[in-house]
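Comments concern the structure below.
The values are calculated or read from the model by the stated rules, or taken from the named source; none is laboratory data. All values reported here derive from a predicted model rather than from experimental measurement. Heads up, the Cβs are rebuilt from the backbone with ideal geometry, glycines too, and the neighbour counts pull from every protein chain shown. The protein model used for the area step is the full one, side chains on, heavy atoms only, and it has no ligands, DNA or RNA in it. Shrake-Rupley method; radii C 1.70, N 1.55, O 1.52, S 1.80 Å.
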There are 2 protein chains.
Amino acid sequence: MQSDAVKPDAVQPEAVQTVPVWSADPRTGEQRAQVAVEAGPPDVDRAVRAAAAAEPALADRALRAALLRAAAERLESAAEEVIATADAETALGVPRLTGELARTTYQLRAFADIVDEGAFLDVVIDHADPALARPDLRRMKLPLGVVAVFSASNFPLAFSVPGGDTASALAAGCPVVVKAHPDHPATGELCAGLIREAARAIGVPEGVLGLVHGLEAGLELVRHPLTAAVGFTGSVRGGRALHDVAAARPRPIPFHGELGSLNPVLVTERAAATRAEELGAGLAGSFTLGNGQFCVKPGLVLVPAGEPALEKALVAAAGQAPAGPLLDPRIREAFLAGVEQRSAFPGVEVLLAAGSAPVEGAPLAVRAGVLAVAAAELREELLEECFGPLTVLVRYSGTEELAAVLDRLAGNLTATVQLAADERGPEAAALLQRLVPLAGRLVVDGWPTGVAVAPAMHHGGPYPATTSTSTSVGGTAIERWLRPVSYQNGPPELLPPELHDANPLAVPRRVDGRRES
Amino acid sequence: MQSDAVKPDAVQPEAVQTVPVWSADPRTGEQRAQVAVEAGPPDVDRAVRAAAAAEPALADRALRAALLRAAAERLESAAEEVIATADAETALGVPRLTGELARTTYQLRAFADIVDEGAFLDVVIDHADPALARPDLRRMKLPLGVVAVFSASNFPLAFSVPGGDTASALAAGCPVVVKAHPDHPATGELCAGLIREAARAIGVPEGVLGLVHGLEAGLELVRHPLTAAVGFTGSVRGGRALHDVAAARPRPIPFHGELGSLNPVLVTERAAATRAEELGAGLAGSFTLGNGQFCVKPGLVLVPAGEPALEKALVAAAGQAPAGPLLDPRIREAFLAGVEQRSAFPGVEVLLAAGSAPVEGAPLAVRAGVLAVAAAELREELLEECFGPLTVLVRYSGTEELAAVLDRLAGNLTATVQLAADERGPEAAALLQRLVPLAGRLVVDGWPTGVAVAPAMHHGGPYPATTSTSTSVGGTAIERWLRPVSYQNGPPELLPPELHDANPLAVPRRVDGRRES
């Protein structure tokens, strides 16, 4: 359909695949098993074409909803194996992964409900109005085409093969090809198999969900002429590189990337004075949760100078956090190097030393750390995300110094303000307002970790938090994979039922300017 | 607020401006008057900073709506001068420009109504739900920041300084800096002055609307750290270049460009057999409207081979279209060269010769042309837009040949199908469905020219029609300039009134999953 579509005869003859993909144990660094081989260009091409061929089946909204629910059921039926496999590859632990699987199946079913409701179709009908020289116009949203999804290292389920990008894309009617994450290739294969089984069982071609492994395969996937959009969760460096590839295509495509975020927390003077213990313990719990491997980990905390109680409580609580392995040896090395580099900057005080901390069964475990620096000595490097259990306190004196730090912050997924119980007046409102340009979610008197799957959630923020204005969590994540189409003077016989006057499918819509629920 | 924000001391000392901007008469090619000078980097910086400084005033929705209405009033008060100036620079004629001004003021007021209604804020409230471990979440959409708007050559009002991009951006709460089009710099200055007057009169800083001239100024505008998004209407070449600049910024920004479109029309065999006269005359009217200078001009028409009646009617009607000037000498040269190149391809039949056709008062006038070619001889170059009064008939024999041509088409703003009165069955539906991937608006038994300003309008389409999935016409054009923000656990005292439970501003919203109108 597109002028840059690959001609079948342009496809290379199949090369022998030689790069094995191993599943490894991050507790020890040892390889577990070879689970796949890296995909070459012909494999990627095949996966994308199979996905495109499955798109017509997704035109039936009832079938889409059924697919999402069937996928949730298969994942639940195989829960034990899924969780064990994910734990063996990521060391995230059974309790966390049990919760993550529940989140994943909840998400799949939530999108099925969204498909059933049909509000996302954004149906608008304007009947012809000769007075305005207006023809009959009927608009709805249609799927974009094949969506490429890049799995995240830190969520082997909820932001990977069966995760929110996949669920929202399928809900939109878009087939998916996932680029597996090298930290959990076996989990990826297992989940992809389950979703493909679910598809087969309800009569959708199993090509509706493809899976490829390998860095080059990911690039190929973004470049493929039939790929219509990309969902990505990962690092600023990797995400920006893929964003640039998507933008440089002959036909540029939307790239919805969630990259990096510092998630600044601002503690007011009165909050520190009145809630020191609670804030110290709460912050420790938030930044060490999942061993600091959340995209919404609070990595920079603005605290009033000269409030040792909060710092003391924080260090005491964070010191109790158990040492644990990170997702892979590369992430571990980057964390240790990041801690070392930051700790050595002039003016940086090491309140709690992060570092290697081998434990029984996990020689690669690390322990959490806390650094502190005066606002006047805050270097640019301390404004970069350090993935893992580290947080940096920035001690400010007075509102001017505070404002100066805020001015230096780039975009974030979240920004948090911790207030005293009686800070509810215009000053507090102005402070919150001051954080609005910094982030997509503003948390008051809470912590940014924990991203609820809810219609009002926004998980995105100014660059580099995300590369677009979209969210990757919550119902509106579906909007990323749709485009509006207007029909002008279409006779009812030729129009989709969603656009018929009688509204046989009972979709929410706007007719001649009036909203109908 | 952004890490790549320009430091004030990084601004260059002001250079002496030396490049004059002239208003010219496209009927004769003669210069009318110097109306401005091209903006250097310091001028662009000043305009963007003045716009950014005006943003807080737009936070008040009532003031935004007032500004849009006041702008419409000023434009109407100065209608005679506006129309005369635009006509002197564009030769579009007083009747057309009178209509365009009415469209422009209608658009401004329609966006004021949209601001008043508040549905675009997309308010979603989810109350805390301990069972789902869900905190209180409240989401709404907020303005992105300064929007850069690039004026279109062919709509000196409705897609230029006071046009849809500006109106939708102001409605969203975003100040605007417009890059004037060199075809109508005087009109741009006049309209900008009127809008700035309107702003002053209601207490909004006049920097809310900036205007700069010059190609380099346009690039500078897209690169400026405080520019948050771009709206563009123009050529594929120019638009793609700016798209790439926007994507390559340290902080990439949304680029909503409407570039080029062939606007294919498909005439079925039975339609040609039963409606030849009507279709010939209708097509002639559509492709010569505005001297063929519409982005939705039907530039490629698939007609059944061996149906001379339609072609005869078309040529007869198009031959009656008065010769007239194009928007500028460069466009005229490109048109004449495009006609000459296309006419010389093997297999191309010149049914009506387009070319230079001097008339009284307009020595630079051109007349319309019609080319025809067999589907089997359709070269790639004939699939490129030729701006101006030319259309190309592609004669197809049978459905396979038809499908082969459709397969070669890139994205379009519109795709049209002309059916016979009794073609309302599954075959016709399949044919319409076949056009869906090609365009953002599907016209049945009508013509694509005439883009109604209506909620159900979508003016956009797959690349290169547009560079995003957005529309530049109709109410949803406002969505381009907004980003969602969620507040988590925000006490009511600190939240915007739109997010209060009591809904004091009566905005449409979704609360705990239920839509409230």
### The lone exception for residue B:434 - which of (1) open to solvent by 10 Å² or more (accessible area, probe 1.4 Å); (2) over 19 Å from residue B:383 (Cα atoms); (3) more than 8 Å from every other protein chain (Cβ to nearest Cβ); (4) of a type outside the set (Ser, Thr, Tyr) it fails
(2)
### Message
Given the criteria in contact with a Leu (Cβ under 9 Å, 6 or more places away or on another chain) and in a helix (DSSP H, G or I), does residue A:62 qualify?
### Response
no
### Task
Please go through segment A:219-249 and pick out each residue that is farther than 21 Å from residue A:293 by Cβ, away from chain B (no Cβ under 14 Å) and open to solvent by less than 30 Å² (accessible area, probe 1.4 Å).
A:221, A:224
## Note on the structure
A careful count of residues in segment B:34-46 that are open to solvent by less than 40 Å² (accessible area, probe 1.4 Å), over 24 Å from the mean Cα position of the chain (by Cα) and over 15 Å from residue B:181 (Cα atoms) gives 4
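Go over the candidates A:68, A:101 one by one and state the one that is of a type outside the set (Lys, Arg), in a helix (DSSP H, G or I), touching a Phe, Trp or Tyr at 6+ places or on another chain (Cβ under 6 Å) and crowded, with 19+ Cβ neighbours inside 10 Å.
Criteria check complete, one pass: A:68.
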#### Entry: segment B:477-517: number of residues that are hydroxyl-bearing (Ser, Thr, Tyr) and either more than 7 Å from chain A (Cβ to nearest Cβ) or open to solvent by 50 Å² or more (accessible area, probe 1.4 Å) (or both)
1
### Message
Only one of A:173, A:203 is surrounded by fewer than 20 Cβ atoms within 10 Å (Cβ to Cβ) and at positive phi. Can you tell me which?
### Response
A:203
## Note on the structure
Those residues of segment B:466-507 which are closer than 21 Å to residue B:167 by Cβ and out of contact with any His (no Cβ under 6 Å at 6 or more places or on another chain) amount to B:466, B:469, B:474, B:475, B:476, B:477, B:478, B:479, B:481, B:482, B:483, B:507
### Message
I'd like to check something: does segment A:47-59 contain any residue that is closer than 21 Å to residue A:19 by Cβ and either open to solvent by less than 20 Å² (accessible area, probe 1.4 Å) or among the β-branched types (Val, Ile, Thr) (or both)?
### Response
yes
### Task
For residue A:193, state whether it is closer than 19 Å to residue A:156 by Cα and either of a type in the set (A, V, I, L, M, F, W, C) or surrounded by 24 or more Cβ atoms within 10 Å (Cβ to Cβ) (or both).
no
### Message
Would you confirm, using the coordinates I've provided, whether residue B:290 is over 30 Å from residue B:54 (Cα atoms), open to solvent by 10 Å² or more (accessible area, probe 1.4 Å) and of a type in the set (Gly, Ala, Ser)?
### Response
yes
### Message
Can you pull out every residue in segment A:116-149 that is assigned to a helix (DSSP H, G or I) and of a type outside the set (A, V, I, L, M)?
### Response
A:116, A:117, A:120, A:130
### Message
Tell me whether segment B:269-282 contains one or more residues that are among the β-branched types (Val, Ile, Thr), surrounded by fewer than 19 Cβ atoms within 10 Å (Cβ to Cβ) and under 29 Å from residue B:389 (Cβ atoms).
### Response
yes
### Message
It is to be established whether one or more residues within segment B:353-367 are in a helix (DSSP H, G or I) and more than 21 Å from residue B:90 (Cα to Cα).
### Response
no
### Task
Out of A:252, A:346, report the one residue that is open to solvent by 50 Å² or more (accessible area, probe 1.4 Å), modelled with pLDDT of 95 or more, farther than 20 Å from residue A:95 by Cβ and outside any helix (DSSP H, G or I).
A:346
#### Entry: From the options A:138, A:103, residue that is closer than 22 Å to residue A:191 by Cα, within 13 Å of chain B (Cβ to nearest Cβ) and of a type in the set (D, E, K, R)
A:103
### Task
Would you check if there is a residue in segment B:464-473 being under 13 Å from residue B:168 (Cα atoms), touching a Leu at 6+ places or on another chain (Cβ under 9 Å), surrounded by 24 or more Cβ atoms within 10 Å (Cβ to Cβ) and facing another protein chain (nearest Cβ under 9 Å)?
no
### Summary
Within segment A:22-33, residues open to solvent by 30 Å² or more (accessible area, probe 1.4 Å), touching a Ser or Thr at 6+ places or on another chain (Cβ under 9 Å) and touching a residue at least 40 places away in the same chain (Cβ under 8 Å) come out as A:32, A:33
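Condition check ((1) of a type in the set (S, T, N, Q); (2) free of Cβ contacts under 8 Å to residues at least 60 places away in the same chain) across all residues:
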| residue | (1), (2) |
| --- | --- |
| A:399 | yes, yes |
| A:408 | no, yes |
| A:418 | yes, no |
| A:425 | no, yes |
| A:429 | no, yes |
| A:446 | no, yes |
| A:478 | no, no |
### Message
Going by what's in this entry, would residue B:193 be described as of a type outside the set (A, V, I, L, M, F, W, C), more than 27 Å from residue B:260 (Cα to Cα) and modelled with pLDDT of 95 or more?
### Response
yes
### Query
If you check residue A:415 against the conditions, is it among the small types (Gly, Ala, Ser), open to solvent by 10 Å² or more (accessible area, probe 1.4 Å), within 11 Å of chain B (Cβ to nearest Cβ) and not in a loop (DSSP other than H, G, I, E, B)?
no
### Query
Is segment A:163-171 home to any residue that is in contact (Cβ under 8 Å) with a residue 60 or more places away in the chain and either of a type in the set (Phe, Trp, Tyr) or over 19 Å from residue A:103 (Cα atoms) (or both)?
no
### Query
Can you name every residue in segment B:389-407 that is at the interface with another protein chain (Cβ under 9 Å from one of its Cβ atoms) and surrounded by 15 or more Cβ atoms within 10 Å (Cβ to Cβ)?
B:406
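Looking only at segment A:438-447, decide whether some residue is farther than 18 Å from residue A:264 by Cα and not acidic (Asp, Glu). Before you say what the answer is, go through the steps one by one.
Taking segment A:438-447 and keeping what is farther than 18 Å from residue A:264 by Cα, we get none.
Scanning segment A:438-447 turns up no residue that is farther than 18 Å from residue A:264 by Cα and not acidic (Asp, Glu).
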### Message
I'd like to know if segment A:275-285 contains one or more residues that are part of a loop (DSSP other than H, G, I, E, B), within 30 Å of residue A:208 (Cβ to Cβ) and assigned by TED's automatic domain parsing to the domain that holds residue A:336.
### Response
no
### Query
If only one of B:410, B:429, B:421, B:454 is in a loop (DSSP other than H, G, I, E, B), within 30 Å of residue A:226 (Cα to Cα) and either more than 14 Å from the chain's Cα centre (by Cα) or more than 8 Å from chain A (Cβ to nearest Cβ) (or both), which one is it?
B:410
### Selection count where residues are at pLDDT 95 or above, more than 7 Å from every other protein chain (Cβ to nearest Cβ) and open to solvent by 30 Å² or more (accessible area, probe 1.4 Å), scope segment B:437-451
1
